[in-house]
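FYI, it's all coordinate maths here, none of it is from the lab. If you're wondering where the values come from, they're calculated on a predicted model, not measured in any experiment. So basically every Cβ, Gly included, is an ideal-geometry build from the backbone, and we count neighbours across all protein chains shown.
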Amino acid sequence: MQPLSKRLVVNRRGSTVWDVRTPVGRFAVKLGYRSQSHAWTALAPAREAAILRQLNGTDDIHCGEWEEGTWSAQPWWEGQSLFEVWEPHRRSGVSTAPNLAEALSCATALADLHAAGWVHGDVQPNHFVMGPTRTALIDLALAQGGDVPQNYDFSYRGCLVHYEAPEISRSILETGIAAPTARADVYALGASFFISATGRRHVPYPDDASREEQRRAIVDSPHRPITVRSPLGPLIEQMMSRDPADRPTALEVCGALRNSS
């Protein structure tokens, strides 16, 4: 089918994403290929498509192979990322507290995924797309929880380090792989709230630090003081506890946000 239009949205680390309009709808088209540091990126689009089919039970998610990896096409989610929506809170001199209803919409999307038996493994602000009616949690290529075709599967080797929980970073440093968990997702959600509201990573390290140095800082250093105005601030503090057992579940985060509204 000949597209009506296409727009490059992402081009980095073994993946390109296109916004493609066709006569039958608008799609996010992803192309995966080997990057300099990762081979799994070539398989990521097809792996995500297999997960989305299980979660959504729909036939409008497509995938296949091309000469450098795999591709997928899925319905486009309209909206802005959490990081974009909370940009006003990062401006110098702005003292307004983040909108709790917006935070709740993100926590609800994560809680729904967990209730379906999956963990995301790559929670970050840009993966929450806040639309006119609800917030979608996208980019599930690293999710764990169900069957994935063996020829598209790969080991979990962490996510964008800015949002990794200490236990995930420690496992990557010690063994090269980790097991994503719902509690690690909650930590990442807290770190996503924090950076979206303040512009600061949860743990300080130089901008040019290697991934190993970033993970070592997360393992060895406490997170930054939570300066987000209450009532979200104390909740982020709980979500980013170094002990996974002390973190609330995503569903409990939803309850706390509803009670604070």
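Could you tell me whether the stretch 59-186 comes out rounded, prolate or oblate from its Cα gyration tensor? Rule is a ≥ b ≥ c as square roots of the eigenvalues, rounded for a/c under 1.5, then prolate if a/b exceeds b/c, otherwise oblate. All intermediate terms of the calculation are to be shown ahead of the outcome.
Values: a/c = 1.94, a/b = 1.34, b/c = 1.45.
The shape class here is oblate.
For the peptides 115-126, 144-155, what is the packing order when you average, over each peptide's residues, the other Cβ atoms within 10 Å and list the highest mean first?
Final packing ranking: 115-126, 144-155.
Using the Cα gyration tensor of the stretch 80-260, with a ≥ b ≥ c the square roots of its eigenvalues, what is the shape: rounded (a/c below 1.5), prolate (a/b larger than b/c) or oblate (neither)?
Details: a/c = 1.64, a/b = 1.20, b/c = 1.37.
Taking the square roots of the gyration eigenvalues as a ≥ b ≥ c, the stretch 80-260 is oblate.
Just how large is the dipole of the chain about the Cα centre, in debye to the nearest 20, putting +1 at every Lys and Arg Cβ and -1 at every Asp and Glu Cβ?
Here the chain has a charge dipole of around 560 debye.
Subtracting the Cα-Cα distance from 0.36 nm times the residue separation, let me have the gained length for Glu87 to Ala116 in nm, one decimal. Walk me through the intermediate numbers first.
Details: separation 29, 0.36 × 29 = 10.44 nm, distance 3.10 nm.
Roughly 7.3 nm would be gained on extension.
Compute the separation of the alpha-carbon centres of the stretch 208-261 and the stretch 43-115 and state it in Å as a whole number.
20
To one decimal place, what orientation-averaged projected area in nm² is obtained for the convex hull of the Cα set of the stretch 5-75? Mind showing how you got there, number by number?
Values: hull surface 19.1 nm².
Reported value for the Cα convex hull: 4.8 nm².
Which of the peptides 210-220, 188-198 is most tightly packed, and how do the rest follow, going by the mean number of other Cβ atoms within 10 Å of each residue? Walk me through the numbers on the way to the answer.
Details: 210-220: 16.8, 188-198: 26.1.
Taking the mean over residues of other Cβ atoms within 10 Å, the ranking is 188-198, 210-220.
First measure r as the distance between the Cβ atoms of Arg258 and Ala136, then evaluate 1/(1 + (r/R0)^6) with R0 = 25 Å and state the FRET efficiency to the nearest 0.05. Before the final figure, lay out each step's value.
Numbers: r = 20 Å, r/R0 = 0.80.
With R0 = 25 Å, the Cβ-Cβ based efficiency is 0.80.
Rounded, prolate or oblate: pick one for the stretch 126-192, where a ≥ b ≥ c are the square roots of the eigenvalues of its C-alpha gyration tensor, a/c under 1.5 means rounded, and failing that, prolate if a/b is larger than b/c, else oblate. If you can, show how the numbers build up before the last one.
Working: a/c = 2.51, a/b = 1.27, b/c = 1.97.
The shape class here is oblate.
Working from Cα positions, state the angle (0 to 90°, nearest 10) between the long axis of helix 211-220 and the longest principal axis of the chain.
That helix lies at roughly 30 degrees to the long axis.
Between Ser210 and Gln144, what is the label-point separation in nm under the 7 Å Cα-to-beta-carbon projection?
2.5
Between the DSSP loop rule and a limit of at most 14 other Cβ atoms within 10 Å, which trypsin sites (Lys or Arg not before Pro) in the stretch 34-82 are left?
On the way: sites: Arg34, Arg47, Arg53; in loops: Arg34.
Sparse-neighbourhood loop trypsin sites (Lys or Arg not before Pro): Arg34.
Can you compute the FRET efficiency between Arg34 and Thr58 using 1/(1 + (r/R0)^6), with r the Cβ-Cβ distance and R0 = 35 Å? Round to the nearest 0.05.
So, using R0 = 35 Å, E works out to roughly 0.75.
About its Cα centre, how strong a charge dipole does the stretch 1-56 have in debye, to the nearest 20, once Lys and Arg get +1 and Asp and Glu get -1 at the Cβ? Mind showing how you got there, number by number?
Details: 10 positive and 2 negative charges, 18 e Å.
With Lys and Arg at +1 and Asp and Glu at -1, about 80 debye.
I want to check the label-to-label distance for Ala101 and Thr16. Put each point 7 Å from Cα in the C-beta direction and report it in nm to one decimal.
Reported label-point gap for Ala101 and Thr16 is 4.0 nm.
Want the number for Leu8 to Arg224: 0.36 nm per residue separation, take away the alpha-carbon distance, what's left? Intermediate results must be reported in sequence, preceding the final value.
Working: separation 216, 0.36 × 216 = 77.76 nm, distance 3.52 nm.
Roughly 74.2 nm would be gained on extension.
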